[in-house]
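Beneath this line is the structure, given in structure tokens, with notes to follow.
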Amino acid sequence: MKVFFYVQHLLGIGHLKRAATLARALVAGGFEVTLASGGLPMAGIGIDVLQLPPASSDAAFKQLLDEHGNPVDDAWKARRRDALLDAWRASDADVLMIELFPFGRRQMRFELLPLLDAARERRRRPLVVCSARDLIQWRPTREQEMLEYFERYFDRLLVHGDPEIASFNFGLADRLAGRLHYTGYVVNHVLEKTDLGSDEVLVSAGGGAVGRPLLEAALVARPRTSARERPWRLLAGINAREADIASLRERAGPGVFVERSREDFTARLASCVLSVSQAGYNTVMEILAVRARAVVVPFAGGGEVEQTTRARLLVARGLLETIEEDALDGATLAAAIERALARPRPAPGAIDLDGAAASARLLRQWL
């Protein structure tokens, strides 16, 4: 059975990382997967990617940008649409899976609606599935449009979350009864815990596009915490600017190590004394998978509330500590670190993390 899986990451890399984790689980479940990515290329995700002409976004998600950082025009959109349609037709897939749309990625309608029309018009109609995280950006004025697109084009909705933690926050979710299926949270394979980094505080900025304030606050917070004598490792992210990394290294004192990224990140995460990070879906699930003590700072730019909402729900269950982005500074971070260090590690089994394998089982069941 063949799956054609479309994903578009814009500002960070989280959407592609989650899609890659799902794609690997589908392959392990016996599917042949074409993972079509429309974002900037990213190495090391563990599966081959069919790379479309890449697009990104400004921080407010208002403007699509091409690979050179210029606003896209109609000619670019036509090239992208045609490349996507050609890839879809060549795949001859049994399943069309689209990440987030119609519950997000509205700016990609110029290519997604033609793709969905092509799937619907094909003589051997594929199963059409939406793959969505647990929480979407709530836009009540667009919910009727979202529902109409879903009812017109989609057969099933995979929500990659645990309803014991958070229900899918779509106001018309009752209209999706029988087609909405919770899978559990999707988490990347976690490397086994080692002694490497077992005495350190691990500070990570995700992909690095918007993580510099967190790293700067960590440098200020360190001498104010009880962990000030421990080594601190700052990971700036694959998208961090070289100039920012150099600036952080200049300011880092003895015992502070500044790097772009680490292939052994999850092993260090499992071993560290404390994790301090942004609050993207993937990072938070890796934290919970290894049961690390953690402080997270949700991204709230462009009116985003998804990360903040999820973080608050997890704080209420005693699974981590959080700081609102607009309250982040050295003092607030130091206080949150002390609260997190005083906590026990989260208990095992506190959250359903079987979402990748469950998604593969559900697709197999529906075909």
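The values are calculated or read from the model by the stated rules, or taken from the named source; none is laboratory data. Just so you know, these numbers come straight off a predicted model, no measurement behind them. Here the Cβ positions follow ideal geometry from the backbone for every residue, glycine too, while neighbour counts run over all protein chains shown. Heads up: the accessible areas ignore ligands, DNA and RNA and are worked out on the full protein's heavy atoms, side chains in. Shrake-Rupley method; radii C 1.70, N 1.55, O 1.52, S 1.80 Å.
So which of 311, 240, 227 ends up being of a type in the set (Gly, Ala, Ser) and assigned to a helix (DSSP H, G or I)?
311
Quick check on my filter: what residues within segment 223-242 are in contact (Cβ under 8 Å) with a residue 40 or more places away in the chain and open to solvent by 10 Å² or more (accessible area, probe 1.4 Å)?
Result: 224, 226, 230, 238, 239.
Is there a residue being modelled with pLDDT of 95 or more, over 23 Å from residue 84 (Cα atoms), open to solvent by 30 Å² or more (accessible area, probe 1.4 Å) and not charged (D, E, K, R) anywhere in segment 136-147?
For segment 136-147, residues modelled with pLDDT of 95 or more, over 23 Å from residue 84 (Cα atoms), open to solvent by 30 Å² or more (accessible area, probe 1.4 Å) and not charged (D, E, K, R): present.
Have a look at 189, 160 and point out the one that is open to solvent by less than 10 Å² (accessible area, probe 1.4 Å) and closer than 25 Å to residue 25 by Cβ. Before the answer, list the steps.
Working: 189 fails: open to solvent by less than 10 Å² (accessible area, probe 1.4 Å).
Testing whether each residue is open to solvent by less than 10 Å² (accessible area, probe 1.4 Å) and closer than 25 Å to residue 25 by Cβ leaves just 160.
Could you check, for segment 201-209, whether at least one of its residues is surrounded by 18 or more Cβ atoms within 10 Å (Cβ to Cβ) and more than 25 Å from residue 308 (Cα to Cα)?
Step one: filter segment 201-209 for residues surrounded by 18 or more Cβ atoms within 10 Å (Cβ to Cβ), giving 201-209.
Among the residues that remain, those that are also more than 25 Å from residue 308 (Cα to Cα) are: none.
Checking segment 201-209: not a single residue is surrounded by 18 or more Cβ atoms within 10 Å (Cβ to Cβ) and more than 25 Å from residue 308 (Cα to Cα).
State which residue is farthest from residue 40 (Cα to Cα) when the search covers only segment 59-84 and only residues that are in contact with a Gly (Cβ under 9 Å, 6 or more places away or on another chain) and open to solvent by 50 Å² or more (accessible area, probe 1.4 Å).
Among them, the one singled out is 62.
I'm trying to understand the selection: among the residues of segment 105-132, which are of a type outside the set (A, V, I, L, M) and either at positive phi or open to solvent by less than 20 Å² (accessible area, probe 1.4 Å) (or both)?
105, 111, 126, 130, 131
Do we have residue 301 as surrounded by fewer than 19 Cβ atoms within 10 Å (Cβ to Cβ), more than 25 Å from residue 160 (Cα to Cα), out of contact with any Ser or Thr (no Cβ under 8 Å at 6 or more places or on another chain) and touching a residue at least 40 places away in the same chain (Cβ under 8 Å) here?
It is false that residue 301 is surrounded by fewer than 19 Cβ atoms within 10 Å (Cβ to Cβ), more than 25 Å from residue 160 (Cα to Cα), out of contact with any Ser or Thr (no Cβ under 8 Å at 6 or more places or on another chain) and touching a residue at least 40 places away in the same chain (Cβ under 8 Å).
Find the residue count for segment 168-181, including only residues that are under 20 Å from residue 362 (Cα atoms), of a type outside the set (A, V, I, L, M, F, W, C) and touching a residue at least 24 places away in the same chain (Cβ under 8 Å).
Number of matching residues: 2.
Just one of 23, 93, 87 is closer than 25 Å to residue 159 by Cα, open to solvent by less than 20 Å² (accessible area, probe 1.4 Å), small (Gly, Ala, Ser) and assigned to a helix (DSSP H, G or I); which is it?
Every option except 23 fails the conditions.
Suppose we keep only residues that are open to solvent by 40 Å² or more (accessible area, probe 1.4 Å), without any contact (Cβ under 8 Å) to a residue 24 or more places away in the chain and part of a helix (DSSP H, G or I) within segment 243-288. Which one would you say is farthest from residue 188 (Cα to Cα)?
This residue is 250.
Could you check how many residues of segment 210-222 are among the aliphatic types (A, V, I, L, M), under 15 Å from residue 325 (Cβ atoms) and surrounded by fewer than 22 Cβ atoms within 10 Å (Cβ to Cβ)?
Of the residues in segment 210-222, 2 are among the aliphatic types (A, V, I, L, M), under 15 Å from residue 325 (Cβ atoms) and surrounded by fewer than 22 Cβ atoms within 10 Å (Cβ to Cβ).
Results for (1) at pLDDT 95 or above; (2) part of a strand (DSSP E or B); (3) more than 19 Å from the chain's Cα centre (by Cα), shown as yes or no for each residue.
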| residue | (1), (2), (3) |
| --- | --- |
| 111 | yes, no, yes |
| 132 | yes, yes, no |
| 185 | yes, no, no |
| 207 | no, no, no |
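Which count do you get for residues in segment 306-340 that are touching a residue at least 40 places away in the same chain (Cβ under 8 Å) and under 20 Å from residue 289 (Cβ atoms)?
Adding up the residues that qualify gives 7.
Going residue by residue through segment 40-59, is there one that turns out to be in contact (Cβ under 8 Å) with a residue 60 or more places away in the chain and under 28 Å from residue 151 (Cβ atoms)?
Checked segment 40-59: no residue is in contact (Cβ under 8 Å) with a residue 60 or more places away in the chain and under 28 Å from residue 151 (Cβ atoms).
Hey, does segment 84-96 have a residue that's within 24 Å of residue 280 (Cα to Cα), in contact with a Ser or Thr (Cβ under 9 Å, 6 or more places away or on another chain) and in contact (Cβ under 8 Å) with a residue 40 or more places away in the chain?
First pass over segment 84-96, keeping only residues within 24 Å of residue 280 (Cα to Cα): none.
No, there is no match, as no residue in segment 84-96 is within 24 Å of residue 280 (Cα to Cα), in contact with a Ser or Thr (Cβ under 9 Å, 6 or more places away or on another chain) and in contact (Cβ under 8 Å) with a residue 40 or more places away in the chain.
Find the residue count for segment 331-349, including only residues that are open to solvent by 40 Å² or more (accessible area, probe 1.4 Å) and among the small types (Gly, Ala, Ser).
5
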